[in-house]
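Taking it in order: structure first as structure tokens, then the write-up.
The values are calculated or read from the model by the stated rules, or taken from the named source; none is laboratory data. Nothing here was measured: the structure is a model prediction, and the numbers come from that model. Counting neighbours? That spans all protein chains shown, and the Cβs are built from the backbone with ideal geometry, glycine included.
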Amino acid sequence: MEIFVVPTASATGSVAAGILAAVVRSKPDAVLGLATGGSPLPIYKALAEHSVEMGAVRGFALDEYVGLPAGHPESYAEVIRREVTVRLGLDPANVAVPDGGAPDPRQAAADYDAAIARAGGIDVQILGIGHNGHIAFNEPGSALDSRTRVEVLTERTRQANARYFASPDDVPTQCITQGLGTIMEARHLLLVVSGADKAEILAAALQGPVSADCPASILQRHAHVTVVADEAAAAKLA
Ligand code: F6R
């Protein structure tokens, strides 16, 4: 595992964008795993500054809420469209997000897992980490070999994400998330973390026991992990 510690959240974006730009230059139709939330936004902004052709890049979002109306501005489909597809000039036909409005979300989750496999797997999976150690929406207790599936969001995660919604009650209670087993099949995991509020969980994830209690700890078992953290988030690493 390689760990880069940089001064600011914006610098996490520059470092991670440099890694992604190099991957896309050497493989123009690379398959990127796309995270939402606040942590990866500096990456997408910095990547837009690179003169790298992204038209053939393929993307798979990590997760999506279940039950938001189509086009809801906080659905991850919309966030990915705004922040990634449009900003970076990806072909919308090449970008997939789990279908949180599907009549059968369980089937949609299984189909999504199969679509990732059909694409040849993910070259680089961008990840953020939740305060409880979740990656994607794999909350504590998720099986370490779990596949893409429907999950119930914890209250803590709903509260953390309430900042994006008019009222905390508007945050959906369920999601479709790539599983930990699915994420572990990506060839390279790129975790970006910023802020003092993530320092404790980052240390637990990278240096504590590997356990379903802290889903991100599974990263310790992956052969190719890059962590890019700002100084505040890295403060409790030994
Ligand atoms: C987002 C996702 C989540 C976030 C995590 C951290 O697609 O899968 O695991 O990465 O909740 O969110 P932020 O970056 O907003 O602190």
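Could you list all residues from segment 122-133 that are away from the ligand (no atom under 11 Å from the Cβ) and among the β-branched types (V, I, T)?
I122, V124
Consider A22 against the criteria (1) more than 23 Å from D113 (Cα to Cα); (2) within 16 Å of the ligand (Cβ to nearest atom); (3) free of Cβ contacts under 8 Å to residues at least 24 places away in the same chain: it satisfies all of them except one. Which criterion is unmet?
(2)
Residue by residue through segment 29-45, note down the ones that are more than 7 Å from the ligand (Cβ to nearest atom) and either of a type in the set (S, T, Y) or not in a loop (DSSP other than H, G, I, E, B) (or both).
V31, L32, G33, L34, L41, P42, I43, Y44, K45
Applying the selection to segment 11-39, what residues are farther than 22 Å from A93 by Cα and of a type outside the set (A, V, I, L, M, F, W, C)?
T12, G13, S14, G18, G37, G38, S39
Could you go through segment 107-119 and let me know if any residue there is buried (at least 22 other Cβ atoms within 10 Å of the Cβ) and either modelled with pLDDT under 95 or hydroxyl-bearing (S, T, Y) (or both).
yes
The rows are residues; the columns are (1) surrounded by fewer than 16 Cβ atoms within 10 Å (Cβ to Cβ); (2) of a type in the set (G, A, S); (3) under 21 Å from A143 (Cβ atoms); (4) touching a helix residue (DSSP H, G or I) at 6+ places or on another chain (Cβ under 6 Å).
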residue: A166; (1), (2), (3), (4): yes, yes, no, no
residue: T173; (1), (2), (3), (4): yes, no, yes, no
residue: T177; (1), (2), (3), (4): no, no, yes, no
residue: L180; (1), (2), (3), (4): no, no, yes, yes
residue: S194; (1), (2), (3), (4): no, yes, no, yes
residue: T226; (1), (2), (3), (4): no, no, no, no
residue: D230; (1), (2), (3), (4): no, no, no, yes
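Being surrounded by fewer than 16 Cβ atoms within 10 Å (Cβ to Cβ) and of a type outside the set (K, R) narrows it down to one of G55, G37, G33, so name that one.
Selected residue: G55, the only one of G55, G37, G33 that is surrounded by fewer than 16 Cβ atoms within 10 Å (Cβ to Cβ) and of a type outside the set (K, R).
How many residues does segment 188-226 hold that are of a type outside the set (A, V, I, L, M, F, W, C) and under 25 Å from A77 (Cβ atoms)?
Within segment 188-226, residues that are of a type outside the set (A, V, I, L, M, F, W, C) and under 25 Å from A77 (Cβ atoms) number 3.
Hey, could you check segment 104-121 for residues that are touching a strand residue (DSSP E or B) at 6+ places or on another chain (Cβ under 9 Å) and away from the ligand (no atom under 16 Å from the Cβ) and say which is nearest to S146 (Cα to Cα)?
First pass over segment 104-121, keeping only residues touching a strand residue (DSSP E or B) at 6+ places or on another chain (Cβ under 9 Å): 105-106, 108-110, 112-113, 115-116, 119-121.
Right, trim to away from the ligand (no atom under 16 Å from the Cβ) and you get 105-106, 108, 110, 115, 119-121.
Working: P105: 16, R106: 13, A108: 15, A110: 11, A115: 16, A119: 19, G120: 19, G121: 16 Å.
Among those that are touching a strand residue (DSSP E or B) at 6+ places or on another chain (Cβ under 9 Å) and away from the ligand (no atom under 16 Å from the Cβ), it is A110.
Only one of R149, R156 is over 21 Å from V227 (Cβ atoms) and in contact with a helix residue (DSSP H, G or I) (Cβ under 7 Å, 6 or more places away or on another chain). Can you tell me which? Working first, answer last.
Working: R156 fails: in contact with a helix residue (DSSP H, G or I) (Cβ under 7 Å, 6 or more places away or on another chain).
The unique qualifying residue is R149.
Among the residues of segment 88-102, is there at least one that is of a type in the set (S, T, N, Q) and touching a helix residue (DSSP H, G or I) at 6+ places or on another chain (Cβ under 9 Å)? Give the derivation first.
Keep residues of segment 88-102 that are of a type in the set (S, T, N, Q), which gives 94.
From the residues that got through so far, the ones that are touching a helix residue (DSSP H, G or I) at 6+ places or on another chain (Cβ under 9 Å) too are 94.
Yes, segment 88-102 contains a residue that is of a type in the set (S, T, N, Q) and touching a helix residue (DSSP H, G or I) at 6+ places or on another chain (Cβ under 9 Å).
Search segment 124-139 for residues that are over 20 Å from I3 (Cβ atoms) and pair each with any residue that is more than 6 Å from the ligand (Cβ to nearest atom) and assigned to a loop (DSSP other than H, G, I, E, B) when their beta-carbon atoms are under 6 Å apart and the residues are at least 6 apart or on different chains.
These pairs meet every condition: N132/P140; A136/Q178; E139/T154.
When residues of segment 150-183 are filtered for being closer than 19 Å to V124 by Cβ and without any contact (Cβ under 8 Å) to a residue 40 or more places away in the chain, how many remain?
Selection size over segment 150-183: 1.
How many residues, within segment 74-92, are more than 17 Å from A56 (Cβ to Cβ) and out of contact with any strand residue (DSSP E or B) (no Cβ under 7 Å at 6 or more places or on another chain)?
Number satisfying all stated conditions: 6.
For the structure I just gave you, tell me whether V5 is in contact (Cβ under 8 Å) with a residue 12 or more places away in the chain and either under 13 Å from the mean Cα position of the chain (by Cα) or away from the ligand (no atom under 16 Å from the Cβ) (or both). So that I can check it myself, show each step before the final result.
Values: in contact (Cβ under 8 Å) with a residue 12 or more places away in the chain: yes; either under 13 Å from the mean Cα position of the chain (by Cα) or away from the ligand (no atom under 16 Å from the Cβ) (or both): yes.
It is true that V5 is in contact (Cβ under 8 Å) with a residue 12 or more places away in the chain and either under 13 Å from the mean Cα position of the chain (by Cα) or away from the ligand (no atom under 16 Å from the Cβ) (or both).
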